[in-house]
1. Quick one: Karplus J couplings for the stretch 5-13, per residue in order, coefficients 6.51, -1.76, 1.60, θ = phi - 60°, nearest Hz, x for Gly and Pro?
2. What does the extension gain come out to for Ala30 and Arg2, with contour length at 0.36 nm per residue minus their alpha carbon separation?
3. If you stretched the chain out fully between Tyr65 and Lys48, how much longer would it get, using 0.36 nm times the residue separation minus the C-alpha to C-alpha distance?
4. Please order Glu12, Glu70, Glu38 by the number of other Cβ within 10 Å, starting at the fewest.
5. For the chain, give the magnitude of the charge dipole about the Cα centre (Cβ charges: +1 Lys/Arg, -1 Asp/Glu; no others), in debye to the nearest 20.
6. Do the sum for the chain: with -39,500 (n - 2.57) for every DSSP H run of n ≥ 4, divided by all residues, what is the mean residue ellipticity at 222 nm, to the nearest 500 deg cm²/dmol?
7. Going by C-beta contacts inside 10 Å, put Ile29, Ile49, Ile68, Ile13 in order with the fewest on the left.
8. Take the chain, compute every pairwise Cα distance, and split them into 5 Å bins from 0; I just need the percent in each bin.
Amino acid sequence: MRSVNAVEHYNEIKPQLLTTGGTSDGRFIARMGAQVVELGPVNATIHKINECVNAADLQLLARMYQRIMEQLVA
């Protein structure tokens, strides 16, 4: 899976392959048989006062998205 490859390429973690976390609509789309990829920065302050994300995390995420796209069109 290209998205897993991209995450593993830039991180020392193995992504979880599930659709049960959070409040994303991906959990409903997955039930219809579609492949769903939810990829975003770690955000300890999500939906809290002063919600923010680290700029370096966004740059890393952009590189992951780029790698996925490059693999899809290769």
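Here, each number is a calculation from the coordinates, and none is a lab measurement. Just so you know, these numbers come straight off a predicted model, no measurement behind them. Quick reminder, even Gly has a Cβ in these numbers, built from the backbone with ideal geometry, and neighbours come from all protein chains shown.
1. 4, 5, 5, 5, 5, 9, 9, 9, 10
2. On the way: separation 28, 0.36 × 28 = 10.08 nm, distance 1.74 nm.
Full-extension gain reported as 8.3 nm.
3. Values: separation 17, 0.36 × 17 = 6.12 nm, distance 2.61 nm.
3.5 nm is the gain from fully extending Tyr65 to Lys48.
4. Working: Glu12 5, Glu70 11, Glu38 15.
Going from least to most buried by this count: Glu12, Glu70, Glu38.
5. On the way: 7 positive and 7 negative charges, 32 e Å.
Computed about the Cα centre, the dipole is about 160 debye.
6. Numbers: 3 runs with 34 residues, N = 74.
So the helix-based figure for the chain works out to -14000 deg cm²/dmol.
7. Working: Ile29 13, Ile49 5, Ile68 19, Ile13 8.
Least to most surrounded, the residues fall as Ile49, Ile13, Ile29, Ile68.
8. Once binned at 5 Å, the Cα pair distances of the chain give 3, 14, 21, 21, 23, 13, 4, 1, 0.
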